[in-house]
Amino acid sequence: MKAIDLFCGCGGLSLGFESAGIQIIKAFDNWEEALKIYNANFKHAAELTDIYELSPDYLKSLNVDMIIGGPPCQDYSSAGKRDESRGRANLTLQFAKIVSEVKPKWFVMENVDRIIKSETLPKAISVFESSGYGLTQIILDASKCGVPQVRKRFFLIGELGAEKNFLLESLIEDLSLTPLTVREYLGNELDTEFYYRHPRSYNRRAIFSIDEPSPTIRGVNRPIPPSYRIHPGDATKDLSLVRPLTNFERARIQTFPKDFILFGKKTDLEQIIGNAVPVNLAKYVAEHLINHINMLSNKQA
C-alpha cells in the first residue's frame, strides 16, 4: 500500500500510517520549518510546495493507493478565528479537489472536530461523493486510541465504490473504554507528578496530574506566570511541585517516539508540535483501514 501525505507538517500522520504498514512515498507542505523536521526523520522526501501548484497529473504519476492529509484547521479551530472567509477553509476544498482528480482507491482527511459545524465540510463531502467515494465520518478522542491526551479530531475516510459508513463500526468497537493517562503511557519519564499547561483563559484550570490524560497539546507553551492564581480544578495547590513541559515532552504526549528528531526556534517548535496529528491516533485509523482492506482482499480471493 503506497500513499502520499498532503499538509504533512512534521509527520505525525505519516508516521502513524507508516507504523501501521502503509508506505508513504512522498509528502508535501508549505511550512518550511516543519518540513525540515519531517525530512530529518523520514527516508522519503517531503517537498515544499503550495497545494494549489500541485499538478494532479504529477500526483497520478506517483501511482499511489491512498492520499492522506490534514488541511490547516485555523479557520475552524477553537484556537483560531473560526472565520471560514479567511481562506484556510479553501484548503479543505482543494484537498477534496485533488483527491477527486487523482482518484486513489482510498483517502483519509483529518481535522479539528469543529469542522462538522462548518459550511466547508458539506461542500467537500459533495465533491468526494460525486467522485464515487463511500465515506465514513467520525470524531475520535485520542485518549481512547492509545494517546495520553484528550484531543478530539475529525476523520473523513473514503473508499471508491464503498457503502456509506463502511469503516464506522470497526473504528467505534475498538475504542478503549477508559482514557489513557500520561503515567500509563510514559511511566515516570516526565520526572514530575504535576505540570502546567497554559490555558486559553484563566477561568480554566492549568495544572494537571500525570495520573490523568493530558489536555490537548496546544501551539503555545509558556511558563507559569508569577501572578498565577490557583484554580479550583487544579491537580495541586503547591506550585513548587509544578513545572511546564518541555517541547520534547509535549511531543512524547503526542506519541512521537523518543528518537524523533526535533529542532528549530522555540516558538516554531511549539506550533509544529501543537499542530501535529498524534502518531498513535493516526496509527489507530490506519490499522483499522488496513484490516478492512485485507478483509476485502480475502473476500475477493
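Just wondering, is there one or more residues in the stretch 166-189 that are outside the structural domain of Gly219 (by TED's automatic domain parsing), surrounded by 14 or more Cβ atoms within 10 Å (Cβ to Cβ) and within 30 Å of Asp57 (Cα to Cα)? Checked against the condition, which is being outside the structural domain of Gly219 (by TED's automatic domain parsing), surrounded by 14 or more Cβ atoms within 10 Å (Cβ to Cβ) and within 30 Å of Asp57 (Cα to Cα), the stretch 166-189 yields at least one hit. Residues that are closer than 30 Å to Ile210 by Cα, part of a helix (DSSP H, G or I), touching a strand residue (DSSP E or B) at 6+ places or on another chain (Cβ under 7 Å) and in the same structural domain as Leu59 (by TED's automatic domain parsing) do occur in the stretch 133-142, at least one of them.
Just name the residue that is surrounded by the fewest Cβ atoms within 10 Å (Cβ to Cβ) out of those in the stretch 1-20 that are of a type outside the set (A, V, I, L, M, F, W, C) and either outside the structural domain of Ile67 (by TED's automatic domain parsing) or in contact with a strand residue (DSSP E or B) (Cβ under 8 Å, 6 or more places away or on another chain) (or both).
Taking the stretch 1-20 first, the residues of a type outside the set (A, V, I, L, M, F, W, C) are 2, 5, 9, 11-12, 14, 16, 18-19.
Going one step further and asking which of them are either outside the structural domain of Ile67 (by TED's automatic domain parsing) or in contact with a strand residue (DSSP E or B) (Cβ under 8 Å, 6 or more places away or on another chain) (or both), we end up with 2, 5, 9, 11, 14, 18.
On the way: Lys2: 14, Asp5: 31, Gly9: 26, Gly11: 30, Ser14: 28, Glu18: 21.
Across the stretch 1-20, the extreme among qualifying residues is Lys2.
Does Leu190 meet the test of being assigned to a loop (DSSP other than H, G, I, E, B), touching a strand residue (DSSP E or B) at 6+ places or on another chain (Cβ under 9 Å) and within 30 Å of Lys237 (Cβ to Cβ)?
Values: assigned to a loop (DSSP other than H, G, I, E, B): yes; touching a strand residue (DSSP E or B) at 6+ places or on another chain (Cβ under 9 Å): no; within 30 Å of Lys237 (Cβ to Cβ): yes.
Taking the combined requirement at face value, the residue does not satisfy it.
In this structure, is Pro278 closer than 19 Å to Ser176 by Cβ, touching a residue at least 60 places away in the same chain (Cβ under 8 Å) and touching a Pro at 6+ places or on another chain (Cβ under 6 Å)?
Values: closer than 19 Å to Ser176 by Cβ: yes; touching a residue at least 60 places away in the same chain (Cβ under 8 Å): yes; touching a Pro at 6+ places or on another chain (Cβ under 6 Å): no.
Judged against the criteria, Pro278 is not a match.
Against the conditions (1) in contact with a Ser or Thr (Cβ under 8 Å, 6 or more places away or on another chain); (2) of a type outside the set (A, V, I, L, M, F, W, C); (3) more than 26 Å from Leu171 (Cβ to Cβ), Asn188 satisfies every one except (1). Only residues that are in a loop (DSSP other than H, G, I, E, B), in contact with a helix residue (DSSP H, G or I) (Cβ under 8 Å, 6 or more places away or on another chain) and surrounded by 18 or more Cβ atoms within 10 Å (Cβ to Cβ) were counted across the stretch 220-263, and they come to 6.
Return a yes/no flag: does the stretch 183-197 have any residue that is in contact (Cβ under 8 Å) with a residue 60 or more places away in the chain and small (Gly, Ala, Ser). Within the stretch 183-197 (the criterion being in contact (Cβ under 8 Å) with a residue 60 or more places away in the chain and small (Gly, Ala, Ser)), the answer is no, since none of the residues qualifies. Residue check: is Ser118 surrounded by 13 or more Cβ atoms within 10 Å (Cβ to Cβ) and under 25 Å from Thr92 (Cα atoms)? In short, yes.
Residues in the stretch 200-209: is at least one surrounded by fewer than 19 Cβ atoms within 10 Å (Cβ to Cβ), in contact (Cβ under 8 Å) with a residue 60 or more places away in the chain and not assigned by TED's automatic domain parsing to the domain that holds Val108? Yes, that holds for at least one residue.
Listed here are the residues, each with its yes/no results for (1) more than 30 Å from Ala40 (Cα to Cα); (2) modelled with pLDDT of 95 or more; (3) in contact with a Phe, Trp or Tyr (Cβ under 9 Å, 6 or more places away or on another chain).
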{"position": "Ser227", "(1), (2), (3)": "yes, no, no"}
{"position": "Asp238", "(1), (2), (3)": "yes, yes, yes"}
{"position": "Thr267", "(1), (2), (3)": "no, yes, no"}
{"position": "Val279", "(1), (2), (3)": "no, yes, yes"}
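The values are calculated or read from the model by the stated rules, or taken from the named source; none is laboratory data. No experiment lies behind these values; they were computed from the predicted model shown. Quick reminder, even Gly has a Cβ in these numbers, built from the backbone with ideal geometry, and neighbours come from all protein chains shown.
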